[in-house]
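Before any comments, here is the structure.
Only the coordinates and a few stated rules stand behind these numbers; no lab work does. Please read these numbers as outputs of a predicted model, since none were measured by experiment. Positions of Cβ are backbone-derived with ideal geometry, glycine not excepted, and every protein chain shown enters the neighbour counts.
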Amino acid sequence: MTLMTEMTEAPHQGRRNRQLEHNNDRTAINPLSLPLADAARLLTRVGGQAASVEMIRADLDAGAPTNADGSINLIHYAAWLVREMNGAD
């Protein structure tokens with residue numbers, strides 16, 4: 001299974017992101033809206049060290065941003081991590 005972002009045509013708006021749809025051994029993800037378990041799996045694969053749901057939950061408890069549905073926007077989460085590493089509020 002590979003992880004990739006895949007855009008598809010939507011009849012009413014041109015494009016839409018697909019979230020975790022399995023197609024012929026390929027997995028499409030929406031990096032703007034990932035469930036915690038999928039975010040942990042992705043970060044573990046690309047980050048070179050283990051990331052767990054518990055680690056992400058600890059960041060959320062410390063103020064990391066989430067979407068209204070509780071999913072993670074990886075861009076916002078990464079920006080928050082950088083601010084935290086730099087000691088900014």
Assertion target for MET55, MET85, ordered by fewest C-beta neighbours within 10 angstrom first, is MET85, MET55
Skipping prolines and chain starts, which residues have an amide H placed within reach, meaning under 5 Å, of the one on ILE29, given they are 5 or more residues away or on another chain?
MET4, THR5, GLU6, LEU20
Quick one: which residues, 5 or more positions from ALA51 or on another chain, have an amide H under 5 Å from its amide H? H modelled 1.01 Å from N in the peptide plane, none for Pro or chain starts.
THR44
Output the peptides 42-51, 75-84, 28-37 sorted from most to least packed, where packing is the average of other Cβ atoms within 10 Å over each peptide's residues.
28-37, 75-84, 42-51
